[in-house]
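Below is one structure, written out as structure tokens, with a few remarks after it.
The values are calculated or read from the model by the stated rules, or taken from the named source; none is laboratory data. Computed from a predicted model, the values in this text were never measured in an experiment. A quick note on method: Cβ atoms are made from the backbone with ideal geometry, for glycine too, and the neighbour counts reach across all protein chains shown.
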Amino acid sequence: FPVDRIRNFCIVAHIDHGKSTLADRLLEMTGAIAKTEKNKQVLDKLQVERERGITVKAQTASLFYHHKGQQYLLNLIDTPGHVDFSYEVSRSLSACQGVLLIVDANQGIQAQTVANFYLAFEAQLAIIPVINKIDLKNADPDRVESQIEKVLDIPKEECIRISAKLGMNVEKVLQAVVERIPPPTGSIDEPFKALVFDSNFDHYRGVVANIAVVGGRVNKGDKIVSAHLGKTYEVNELGLLRPDEHPTQKLFAGQVGYMVAGMKDVKEAQIGDTLHLQNQPVEALPGFKPAKAMVFAGMYPVDQSEYPALRSAMERLTLNDSSVTVQKDSSLALGAGWRLGFLGLLHMEVFNQRLEQEYNASVIITAPTVPYKAVLSSARLIKEHGSEEITIVNPAHFPDRSVVAEYLEPMVLGTILAPDAYTGKIMSLCLNRRAVQKNMVYIDDQRVMMKYLFPLNEIVVDFYDLLKSLSSGYASFDYENAGYQAADLIKMDILLNGQPVEELTTIIHRYFMRWLKRLIGRLLLIEYYIQVSLNKAAAIKPYRKNVLAKCYGGDITRKMKLLKKQAEGKKKMRRVGNVDVPKDAFISVLKRK
Ligand code: GDP
Ligand code: MG
């Protein structure tokens, strides 16, 4: 296929603005799938995606499209919209030359619209703004066009107004893809060079890698080398994704497809790796910045006899989701397990749900924590760790104040977009979370965009849910990493029946201790005997109280309902300190509603 008739593009948008629906229409119109009612969000293949109505895993589809008497090959990559999965988005972008940036005609620009725009802009991709859902009664495409011009600096005239649901003007989108997105630059005469931008684990064939061929060509039976590990493989299977696998004999420069090459070990298919032919080395592609885990939690089998099965499930799932970091860990109460790093709390919940649904594994997840740092003052410890600064991903290993010069906590720069009627409530929520306002601008006469510097710890657990509920769902939120800042941190142990439970230990800021004292003073129900200990000196008197039930009360989001419903079937308890603790209690204690 001539390279100049190939287009590689992504669809990016804020969650629910219609990416998957537009992808369905594009697939139907190009004949990749049949037009039936059943074909709703066909690219959302995972059970968790169908249940939650969100896209977690980017998927790829190759489409054939006729335009002005020529046939074009369009490679479409669907991407997830949630903040936790922006890693998937930037990965998808690296295989593309352009994006369709979808904006809901009623909701207008949201936090992730801005974030996705900048990802594409920084990657120097062609950006086609698409205003979707113009069929809605409250659609206001004129207003959305002005927002796009004001906030993203894209001329109004470039916007395409569509209804993905009704298929209205979708043809114009396909035309724009051909006319406005440049073809990939590689040539088939160069040595073979491909980027591994995703991979899946197949129980029968091993690793199935998604590759973008940047230059040259590859044939079935070729011997290829992965630049990262320098290992040689034979290509057993090649093909296009339409979106199901269509085997082919070759893949050429500019094409996007899948490859099976006898990679059996989960660590062999490094995402971001470059593939080349044996004896034809090439300069490796830039690859990806490794995903930075921002939320850490312990994960343990409910029963130790399930450890080997859980280990193999985890290995397979982490291949499919390389943004999870894994370290072996063990605890007195829970036995052998792992300490996992996730991009955010939703990411962690989705990982947990996928383990249960796709691998039938039941796990205990301990209270999540962010990666804190400590600048050590003890010469002995500095020598032992080989550096002055250490990162702490397990609260149980938090060093005592007596050996520490300074504690540091990770910060993020958050963007909030909301109608100005909610500005007051949002500001007090942020203040409550130790956030500092950096900026505030009107994006039109009714909506504001605010920037805050947050301690990450203050937003990982329940900030997003609270923001949504206080703004009746109208506020949107996204964040990026913003380094570390000194903080007055305290290790908080929780004692059940007088026994400290390492897995419930968390790191809190000193101000949170005051809040906690107030909270505990207010509790009414009596069930468990819980004692919270703050650096011993500030121990709080024990209360008898059903803390766990309280944490679930009140405002429960759809997400939590789903998790709860699912948990009911397999309510497993863990005996800790002579008390049976439900396996989801470890997270619930941190929700501050
Ligand atoms: P995604 O999260 O961006 O992938 O969004 P989805 O494609 O899953 O769509 C979110 C919701 O918006 C679904 O309920 C769709 O049926 C609905 N939707 C998508 N496009 C349109 C449209 O053009 N008009 C209307 N009225 N609804 C739409
Ligand atoms: Mg989707």
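Does region 411-425 contain any residue that is on the phi > 0 side of the Ramachandran plot and either modelled with pLDDT of 90 or more or of a type in the set (Phe, Trp, Tyr) (or both)?
Filtering region 411-425 down to residues on the phi > 0 side of the Ramachandran plot leaves none.
Within region 411-425, none of the residues are on the phi > 0 side of the Ramachandran plot and either modelled with pLDDT of 90 or more or of a type in the set (Phe, Trp, Tyr) (or both).
Checking the condition away from ligand 1 (no atom under 12 Å from the Cβ), closer than 28 Å to residue 108 by Cα and at pLDDT below 90, which residue from 33, 77 passes?
Just a single option satisfies the conditions, and that option is 77.
Name the residues in region 331-370 that are over 17 Å from residue 312 (Cα atoms) and out of contact with any helix residue (DSSP H, G or I) (no Cβ under 9 Å at 6 or more places or on another chain), would you?
Scanning region 331-370 gives a single hit, 341.
Just checking, does region 368-379 include any residue being closer than 28 Å to residue 309 by Cα and either among the charged types (D, E, K, R) or modelled with pLDDT under 85 (or both)?
The answer is yes; a qualifying residue exists.
Only one of (1) at pLDDT 95 or above; (2) surrounded by 20 or more Cβ atoms within 10 Å (Cβ to Cβ); (3) in a helix (DSSP H, G or I); (4) in contact with a helix residue (DSSP H, G or I) (Cβ under 8 Å, 6 or more places away or on another chain) fails for residue 430. Which number is that?
Only one criterion in (1) at pLDDT 95 or above; (2) surrounded by 20 or more Cβ atoms within 10 Å (Cβ to Cβ); (3) in a helix (DSSP H, G or I); (4) in contact with a helix residue (DSSP H, G or I) (Cβ under 8 Å, 6 or more places away or on another chain) is unmet by residue 430, namely (4).
Please pick out the residue among 221, 216, 206, 186 that is surrounded by fewer than 14 Cβ atoms within 10 Å (Cβ to Cβ) and either of a type outside the set (Asp, Glu) or closer than 21 Å to residue 74 by Cβ (or both).
Details: 216 fails: surrounded by fewer than 14 Cβ atoms within 10 Å (Cβ to Cβ); 206 fails: surrounded by fewer than 14 Cβ atoms within 10 Å (Cβ to Cβ); 186 fails: surrounded by fewer than 14 Cβ atoms within 10 Å (Cβ to Cβ).
The conditions single out 221.
Looking only at region 345-365, decide whether some residue is of a type in the set (Phe, Trp, Tyr) and under 26 Å from residue 407 (Cβ atoms).
No, region 345-365 contains no residue that is of a type in the set (Phe, Trp, Tyr) and under 26 Å from residue 407 (Cβ atoms).
Looking at region 142-158, is at least one residue within 12 Å of ligand 1 (Cβ to nearest atom), under 27 Å from residue 63 (Cβ atoms) and touching a residue at least 12 places away in the same chain (Cβ under 8 Å)?
no
Residues are listed down the side, and each one gets a yes or a no for (1) modelled with pLDDT under 90; (2) among the acidic types (Asp, Glu); (3) in a strand (DSSP E or B); (4) surrounded by 20 or more Cβ atoms within 10 Å (Cβ to Cβ):
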position: 450; (1), (2), (3), (4): no, no, yes, yes
position: 454; (1), (2), (3), (4): no, no, yes, yes
position: 464; (1), (2), (3), (4): yes, no, no, yes
position: 468; (1), (2), (3), (4): yes, no, no, no
position: 473; (1), (2), (3), (4): yes, no, no, no
position: 477; (1), (2), (3), (4): yes, no, yes, yes
position: 481; (1), (2), (3), (4): yes, no, yes, no
position: 484; (1), (2), (3), (4): no, no, yes, no
position: 492; (1), (2), (3), (4): yes, no, yes, yes
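Does residue 26 satisfy being aliphatic (A, V, I, L, M), more than 25 Å from residue 199 (Cβ to Cβ), within 14 Å of ligand 2 (Cβ to nearest atom) and at pLDDT 80 or above?
No: the conditions fail for residue 26.
Considering 416, 382, which residue is more than 22 Å from residue 328 (Cβ to Cβ) and in a helix (DSSP H, G or I)?
Going through 416, 382 in turn, just one is more than 22 Å from residue 328 (Cβ to Cβ) and in a helix (DSSP H, G or I): 382.
Quick check on residue 186: is it small (Gly, Ala, Ser) and in contact with a Gly (Cβ under 8 Å, 6 or more places away or on another chain)?
yes
Give me the pairs: first residue in region 1-29 and under 30 Å from residue 217 (Cβ atoms), second residue of a type in the set (Asp, Glu), beta-carbon distance under 8 Å, and six or more apart or on different chains, which are they?
10/78; 11/78; 23/78; 29/171
Which strands (runs of 3 or more DSSP E) does region 306-373 wholly contain that include 2 or more residues that are among the aliphatic types (A, V, I, L, M) and in contact (Cβ under 8 Å) with a residue 40 or more places away in the chain? Talk me through it step by step, then tell me what you get.
Values: elements: 325-331, 335-342, 363-365.
Fully inside region 306-373 and qualifying: 363-365.
Consider residue 148 carefully, then state whether it is away from ligand 2 (no atom under 16 Å from the Cβ), under 27 Å from the mean Cα position of the chain (by Cα), surrounded by 19 or more Cβ atoms within 10 Å (Cβ to Cβ) and within 20 Å of residue 451 (Cα to Cα). Give the derivation first.
Numbers: away from ligand 2 (no atom under 16 Å from the Cβ): yes; under 27 Å from the mean Cα position of the chain (by Cα): yes; surrounded by 19 or more Cβ atoms within 10 Å (Cβ to Cβ): yes; within 20 Å of residue 451 (Cα to Cα): yes.
So residue 148 passes the test.
Could you look through region 110-136, keep only residues that are at pLDDT 95 or above and hydrophobic (A, V, I, L, M, F, W, C), and pick out the one that is nearest to ligand 1 (Cβ to nearest atom)?
136
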